[in-house]
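Q: Here it is, the structure, as structure tokens.
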């Protein structure tokens, strides 16, 4: 009998060849005994039966019901969706030493890169300039830069200082920005040691030239950025909605952007796909992106690398290091990261 951990590998909606490179696919059976390991969903009855003997479950979401007490050997649940699983009994997991892990860190660098690109494109009017060239209505030189500004030395506000913000921060360093952050889950001294100034949300909204919304959606921050806070944004600012629309009063944001109150770049929406008739589509000085920030091949392969590295750690009797661990103090405070009608990244 093999001494390797038994892994129920049921990643659908992810495909096996989407998250695992050919090299990692070859390496998987060297580290663990794989049950299923196919792109299509494992039949539920068979999955529940396999769960009884599994040491680890790799899945996109928890669809196995109240079966945890039957999983006598279970040591870890690894979610490849980019969010912690819904409908999972976290209290049982924490009480019984079952680690709950998310592949969210795989998307950090890709999302940060896109956020930086959208910030520069918005402030410098790159999209408008391109469209003007296409229509033959361009303005050259100084006349084409009216109302534009650069990123160098500007005040940058980070709403949320989690994984996305930590990936974005080094990309901003060459620009010499003045970084401030609002994150009620982190202490002021900790934030200062990371090189950012902790501020209240009202001050951040009113003083920042660039505002990046990067926080994880939770039970405490739905529509945190209401109309009153959005109205504080200065006219010569860029508002970047990157993590989830959960945090914003999207109707108020749309109205303010239609009125031309400030610039914005938006990658996430309350309902996806976005209604073709939604008024945000015609708002001036807005760059819209169809939830594309993290969805690149490199991010998906990094999911597989993280899963494989942490499976190897578990096989060697060591704690997993690469995937994000659900913490008892926070897990029950996270809101759904799924957008209605849309899978997680």
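The numbers here are math on the coordinates, done by the rules we state, and not lab data. Treat the numbers as computed from the prediction; the structure is a model and nothing was measured. In this analysis, Cβ positions are derived from the backbone assuming ideal geometry, glycine residues included, and neighbour counts consider all displayed protein chains.
Q: Give me the three principal axis extents of the chain from the C-alpha atoms, as integers in angstrom, largest value leading.
A: Cα spread of the chain along its principal axes, largest to smallest: 75, 46, 36 Å.
Q: Among 19, 211, which comes first, then next, by fewest other beta-carbon atoms within 10 Å? Show your work: numbers first, answer last.
A: Values: 19 26, 211 29.
The fewest-first ordering by Cβ neighbours comes to 19, 211.
Q: In what sequence do 236, 267, 33 fall when counting other Cβ within 10 Å, fewest first? Intermediate values should be presented prior to the final figure.
A: Working: 236 13, 267 23, 33 16.
With the sparsest Cβ surroundings first, the list reads 236, 33, 267.
Q: Suppose we take every Cα in the range 154-300 and form the convex hull; what volume per residue is that in Å³?
A: Numbers: hull volume 17.4 nm³, N = 147.
Hull volume normalised by residue count: 119 Å³.
Q: Once both axes come from the Cα atoms, what is the angle between helix 163-172 and the longest principal axis of the chain, in degrees from 0 to 90, rounded to 10?
A: Helix 163-172 sits at roughly 40 degrees to that axis.
Q: Using the per-residue mean of other Cβ atoms lying within 10 Å as a proxy for protection, in what order, highest first, do the peptides 248-254, 43-49 fall?
A: Working: 248-254: 20.0, 43-49: 13.7.
In decreasing order of mean packing, 248-254, 43-49 become 248-254, 43-49.
Q: Quick one, what does Rg over Rh come out to for the range 2-155 if you take C-alpha atoms and the Kirkwood Rh?
A: We get a ratio of 1.25 for the range 2-155.
Q: Ok, one more. Restricting the count to DSSP beta bridges whose residues both fall in the chain, what percent are antiparallel, rounded to a multiple of 5? Don't jump to the answer; show the numbers that get you there.
A: Values: 4 of 44 bridges.
Of the beta bridges lying entirely in the chain, close to 10 percent run antiparallel.
Q: Could you work out the equivalent-ellipsoid semi-axes for the range 70-205, taking the square root of 5 times each eigenvalue of the Cα gyration tensor, largest first, in whole Å? Before the final figure, lay out the partial values.
A: Values: eigenvalues 333, 88, 25 Å².
Listed largest to smallest, the semi-axes of the range 70-205 are 41, 21, 11 Å.
Q: Which of 277, 215, 315 moves the most in a Gaussian network model of the chain with Cα springs under 10 Å?
A: So, out of 277, 215, 315, the one fluctuating most is 277.
Q: On to the next question. Looking at the square roots a ≥ b ≥ c of the eigenvalues of the Cα gyration tensor of the range 217-284, which shape do they give, rounded for a/c under 1.5, prolate if a/b is larger than b/c, or oblate?
A: Working: a/c = 1.75, a/b = 1.08, b/c = 1.62.
Judged from the Cα gyration tensor, the range 217-284 comes out oblate (a/c at least 1.5, b/c at or above a/b).
Q: I would also like to ask the following. By how many degrees, 0 to 90 and rounded to 10, does the Cα axis of helix 108-123 deviate from the longest principal axis of the chain?
A: Once rounded, the angle reads 10 degrees.
Q: To the nearest 10 degrees, how steep is helix 22-31 against the longest Cα principal axis of the chain, on a 0 to 90 scale?
A: Approximately 40 degrees, to the nearest 10.
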